[in-house]
Amino acid sequence: IEEQHSLAVFNGTEGVGGVLLAVEAVGRYDAVVGHGMLQARLDAGATEFIGRLRHVPRVEHQDATIGQLAGQKGVVLDIIKEAHNGCTAAMQGIIDDELTDENLGKCDLVILSLYPEASINWMETHKDHFNKDGMIIDACGTKRMVCEKCFKIAEENGLLFVGCHPMAGTKFSGMTYARADMFFGAPMVVVPPRFDDMFLLDRVKDLLSPCGFGSYHLSHADEHDKMIAFTSQMAHLVSNAYIKSPSSRNHKGFSAGSYKDMTRVAWLNPTMWTQLFLENKDNLIFEIDHLQQELSKYRKALEEDDFDGLRDLLDEGRKIKEEVDGI
């Protein structure tokens with residue numbers, strides 16, 4: 001590969017400012033817009049990717065940056081909203097220079113990893129500065145609003161936007177808690193603007209190859225949001241409500257794996273999840289109503305000392321789990 005390669009990573013904080021990393025190497029110009037953990041994961045992944053291309057030994061560190069590679073000419077472009085984020089990035093060798101509208105236009109891939117409304121606003125604000133031959137994707141947890149508005153912005157301005165949702169994360173946020181292996185083997189859901197382009201998914205997979213995603217799943221925005229209400233949003237909501245039991249204050253010494261599994265995602269970002277819940281409220285309310293109906297059956301069986309009824313309910317749930325997820 002003879003062309004110059006540049007990877008750019010934009011690290012958003014509170015849905016606005018952040019950092020954009022641009023690094024010259026081999027390949028093509030790629031750009032990625034994202035929050036702290038996504039930024040550092042892509043940074044480290046690209047470091048390993050470019051290291052293999054140039055036969056340079058990889059830097060074995062979860063926060064490894066491209067600039068740490070021998071022989072690399074790293075140029076980091078920075079938009080700072082909060083000073084401590086800039087200091088952290090500088091100490092890790094991630095920041096070198098300022099992001100401008102001009103160098104944004106050199107990027108082949110831009111990943112918007114902000115809150116949904118902030119992602120839309122960022123794309124609208126910068127619509128005249130993107131690379132017309134590049135690709136813009138997002139990493140938001142809901143897709144209907146983001147895809148509807150970003151597809152329109154892209155169509156009106158001769159751009160390509162593809163909705164994406166990396167299915168991995170932790171209870172922490174920000175650059176400090178970034179992990180280099182965050183997306184290794186994880187699924188990536190892709191919501192394309194059209195389904196008749198046989199090469200579009202291959203292009204997405206190629207551009208995101210440094211992340212190490214294990215699978216890519218094509219979906220319509222409606223289908224995505226319906227499934228995410230069940231697989232992700234309900235889990236966070238139920239976990240958050242469950243921990244509010246007065247018994248939670250005295251659980252130590254009585255809890256093990258079941259408690260940890262049930263409460264892990266109760267530790268969430270309230271602002272982000274509030275926006276995601278409200279944007280997907282129709283699907284989420286459906287799941288809440290269904291859960292309440294099921295719980296009422298268990299409650300009724302308990303109240304009536306209905307051994308057979310309660311056993312049947314438990315056995316029904318066990319069978320469904322075995323059916324959908326295997327033994």
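Around the amide H of TYR216, modelled in the peptide plane, lie the amide H atoms of MET188, all under 5 Å away and 5 or more residues distant in sequence or on another chain. Extension gain for the segment PHE172 to ASP133, taken as residue separation times 0.36 nm less the Cα-Cα distance, is 10.6 nm to one decimal. Taking other Cβ atoms within 10 Å as a rough exposure proxy, MET135, MET272 sort from fewest to most as MET272, MET135. In this structure, the amide hydrogen of ILE136, modeled 1.01 Å from its nitrogen in the peptide plane, lies closer than 5 angstrom to those of VAL110, LEU160, PHE161, VAL162, counting only residues at least 5 positions away or on a different chain. According to the calculation over all Cα-Cα pairs in the stretch 111-193, the P(r) per 10 Å bin from zero is 17, 48, 27, 7 %. When the chymotrypsin sites (Phe, Trp or Tyr not before Pro) in the stretch 181-252 are filtered for DSSP coil states and for at most 16 other beta-carbon atoms within 10 Å of their beta-carbon, the remaining sites are PHE184, PHE195, PHE199. Once the Cβ-Cβ distance of THR125 and ASP315 is raised to the sixth power relative to R0 = 51 Å, the FRET efficiency obtained is 0.40. For Cα pairs less than 8 Å apart in space and 6+ apart in sequence, what is the mean separation divided by the residue count of the stretch 114-220, i.e. the relative contact order in percent? Computed over the stretch 114-220, the figure is 23 percent.
Legend: ranking of residues ARG311, ARG179, ARG144, ARG249 from fewest to most surrounding C-beta atoms inside 10 Å; resulting order ARG249, ARG311, ARG179, ARG144. For a label point 7 angstrom out from the Cα of GLU294 toward its Cβ, which stretches of the stretch 211-247 have the backbone nitrogen within less than 15 Å? Under 15 Å, as judged by backbone N against the label point of GLU294, lie 227-239 of the stretch 211-247.
Dipole size of the stretch 164-280 about its Cα centre, with +1 on Lys/Arg Cβ and -1 on Asp/Glu Cβ: approximately 800 debye, rounded to the nearest 20. Checking every one of the GluC sites (Glu not before Pro) in the stretch 242-327 against DSSP loop status and a limit of 14 other Cβ atoms within 10 Å picks out GLU304. In the structure shown, the pairs LYS252/LYS300; LYS127/LYS171; LYS132/LYS281; LYS205/LYS226; LYS171/LYS226 are assessed against 28 Å; a Cα-Cα span above that value is assigned to LYS252/LYS300; LYS127/LYS171; LYS132/LYS281. At a Förster radius of 22 Å, what calculated FRET efficiency corresponds to the Cβ-Cβ distance of ASP325 and SER258, to the nearest 0.05? That pair, ASP325 with SER258, gives E of 0.85. When Rg and Dmax are taken over the Cα atoms of the stretch 89-246, they come to 16.9, 56 Å. From least to most packed, judged by other beta carbons within 10 angstrom and beginning with the fewest, SER209, SER245 follow the order SER245, SER209.
Rule-based calculations on the coordinates, nothing more; no lab input. Being a predicted model, the structure only gives us computed values, none of them experimental. We place every Cβ from the backbone using ideal geometry, glycine too, and count neighbours over all the protein chains shown.
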